[in-house]
Amino acid sequence: MIEPQDCDDSDEHDEAVPLPALPPMPRERVPLQKRNVCSRSYFMVVMVFFHVYIINVIALLFYVHYNNSPGEVLVTPNRDEASGGSNHHKPPEFNQQQSDSGFQQDMYLPRLEGIRVGHVQKLSLVPGNVHEMRTLSLKPLLFEIPGFLSEEECRVVVQLAQLKGLMESQVMVPEGQEELTEQLNLSPEEIFNLLDLNQDGQLQLQEILTHSRVRDGIWLTPENLKEIYAGLKADPDGNGLLSLEEFRRLGSDAFQRFLQQRGVKSSQLVRNSRHTWLYQGQGAHQVLRDLKKRVARLTRLPSALVDLSEPLQVVRYEQGGHYHAHHDSGPVYPETACTHTRLAANTSTPFETSCRYITVLFYLNSVEGGGETVFPVADNRTYEEVSLIQNNVDLMDTRKNCDRSNLRVKPTKGTVVFWYNYLSDGQGWVGEQDEYSLHGGCVVTRGTKWVANNWINIDPDYQRQARYQQLVSQQGEEDEGEQPQSQPSPEQLQTADSHQEL
């Protein structure tokens with residue numbers, strides 16, 4: 001019989017039984033803590049960039065508000081600013097220019113800013129009405145303003161032009177080129193050297209075409225020129241190039257005589273249209289005077305400059321009418337005088353050119369087909385006259401290559417486009433000619449096209465312009481208001497008529 005044992009009697013139970021040793025527990029980092037640190041740093045970076053972004057947006061909104069707000073108004077400078085009495089926005093040393101003639105340059109020409117292509121500015125030109133002016137190009141500086149004229153104003157201008165009567169904008173072949181050459185006293189060799197633009201010793205077709213279009217007003221194509229060469233037997237080898245010896249055998253008016261014998265079609269002229277001039281000074285129709293004031297307000301030029309500029313020209317293009325690409329103003333050299341200030345020039349000059357600082361073109365109707373105003377080289381990187389005619393493509397030919405122009409403006413009734421024909425000289429006056437202002441009128445394929453032009457005449461020579469204004473002012477005082485100062489003389493109209501523009 002087995003007796004139960006008492007636990008208290010057992011010695012082995014008095015000692016603690018050792019537990020088996022456990023392997024050490026690995027120390028692990030809590031992933032939650034790592035994610036918290038990274039998230040906090042990432043959040044701080046994001047917030048910094050977010051605040052920078054918000055600040056940039058606010059700054060942009062302020063810029064747009066102050067540069068393109070509905071309340072922005074372009075107004076005509078006040079009398080003090082127009083006369084140079086204020087230095088507001090004038091370049092440094094602007095009022096420090098003094099010449100021997102005693103005329104200090106104290107007249108400043110404001111110039112609108114294009115900012116960028118497509119930029120829109122709000123204008124208040126008529127009480128109770130706000131116009132939008134959109135930048136079309138920066139080279140040249142060109143703007144478009146829809147609704148600048150009301151339908152009633154368009155109708156009145158057209159009817160006034162019809163009432164006065166329109167004349168052909170260009171006669172056929174002008175005469176007197178031989179006499180002009182004699183006056184210039186240039187030898188055949190000197191003329192050849194002037195026409196040879198790339199100085200390669202040969203006259204290429206485009207070099208002859210460029211000169212003939214400007215001088216004779218005939219729009220010859222390379223094919224036309226080859227026909228003339230053949231008729232005059234001027235190019236025996238038939239390579240289309242004239243050497244100096246071949247050029248010597250031609251008289252200075254050889255092309256002119258050949259064209260007169262063969263006859264010239266209206267489509268072969270530089271322009272094919274009819275036009276008239278409408279006086280805008282005191283006593284003129286109220287609509288015409290209002291337009292002149294609106295132009296002065298738009299350009300922000302002193303009213304004296306606008307008043308002394310050319311009258312309003314109204315032009316009608318019938319179906320088939322066109323105007324090939326051209327410049328409204330020519331470059332001014334020391335031997336060149338501006339047409340409007342030639343009477344104030346101290347010395348006689350063999351050349352005259354139309355010094356038109358700004359062109360304002362009004363569309364008086366919407367054309368059914370064609371008739372766009374084109375700027376072949378607008379905003380090009382470079383400008384080279386010879387490159388306008390290459391690979392049988394003539395960018396200046398608005399009867400064939402309007403679709404190749406960089407910029408085309410569709411005629412819309414009441415719309416105005418205006419551009420600067422000259423750059424700034426950096427001292428608040430007129431600089432060099434802007435060659436990118438080359439423009440033309442595409443052929444009208446359907447209907448009729450009515451346009452009007454206001455040109456603001458300013459001489460790049462400040463002293464001549466100041467002397468001219470002084471003479472006109474003195475003459476006005478002597479006449480005691482018998483003839484308004486802005487009324488052009490017959491000589492001015494005759495000279496201006498010799499260079500009609502789009």
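Could you say whether any residue in the stretch 385-398 is without any contact (Cβ under 8 Å) to a residue 24 or more places away in the chain, part of a strand (DSSP E or B), among the hydrophobic types (A, V, I, L, M, F, W, C) and farther than 23 Å from residue 462 by Cβ? Checked the stretch 385-398: at least one residue is without any contact (Cβ under 8 Å) to a residue 24 or more places away in the chain, part of a strand (DSSP E or B), among the hydrophobic types (A, V, I, L, M, F, W, C) and farther than 23 Å from residue 462 by Cβ.
In the stretch 336-384, which residues are assigned to a loop (DSSP other than H, G, I, E, B) and closer than 27 Å to residue 475 by Cβ? Of everything in the stretch 336-384, those that are assigned to a loop (DSSP other than H, G, I, E, B) and closer than 27 Å to residue 475 by Cβ turn out to be 339, 340, 341, 345, 346, 347, 348, 349, 350, 354, 355. Could you tell me whether residue 436 is in contact (Cβ under 8 Å) with a residue 40 or more places away in the chain and in a strand (DSSP E or B)? The answer is no for residue 436. Count of the stretch 121-144 residues, restricted to those that are in a loop (DSSP other than H, G, I, E, B) and within 19 Å of residue 379 (Cα to Cα), is 4. Scanning the stretch 220-248 for residues that are open to solvent by 30 Å² or more (accessible area, probe 1.4 Å), farther than 18 Å from residue 197 by Cα and not charged (D, E, K, R) yields a count of 6. Could you tell me whether the stretch 442-460 includes any residue that is in a helix (DSSP H, G or I), out of contact with any Asp or Glu (no Cβ under 7 Å at 6 or more places or on another chain) and either at pLDDT below 95 or open to solvent by less than 50 Å² (accessible area, probe 1.4 Å) (or both)? No. Of the residues making up the stretch 267-315, those that are aliphatic (A, V, I, L, M), part of a strand (DSSP E or B) and out of contact with any Ser or Thr (no Cβ under 6 Å at 6 or more places or on another chain) are 269, 278, 312. Residues considered: 400, 413. Of these, the only one that is within 19 Å of residue 271 (Cβ to Cβ) and open to solvent by 20 Å² or more (accessible area, probe 1.4 Å) is 400.
Residue check: is residue 174 under 27 Å from residue 401 (Cα atoms), open to solvent by less than 70 Å² (accessible area, probe 1.4 Å) and at pLDDT 65 or above? No; evaluated as a whole, the condition is false for this residue.
Taken together, the residues in the stretch 369-387 that are touching a strand residue (DSSP E or B) at 6+ places or on another chain (Cβ under 6 Å) and at negative phi amount to 7.
Criterion applied to 366, 405 was being of a type in the set (Gly, Ala, Ser), surrounded by fewer than 22 Cβ atoms within 10 Å (Cβ to Cβ) and either closer than 26 Å to residue 146 by Cβ or out of contact with any strand residue (DSSP E or B) (no Cβ under 8 Å at 6 or more places or on another chain) (or both), and the one residue passing it is 366. For the stretch 374-397, a residue qualifies if it is open to solvent by 10 Å² or more (accessible area, probe 1.4 Å) and in contact with a Cys (Cβ under 7 Å, 6 or more places away or on another chain), but none of them does.
The values are calculated or read from the model by the stated rules, or taken from the named source; none is laboratory data. As the structure is a computational prediction, the values presented were derived from the model and not from experiment. Quick reminder, even Gly has a Cβ in these numbers, built from the backbone with ideal geometry, and neighbours come from all protein chains shown. Each accessible area value is taken on the protein alone, full model and side chains, heavy atoms only, with ligands, DNA and RNA left out. Shrake-Rupley method; radii C 1.70, N 1.55, O 1.52, S 1.80 Å.
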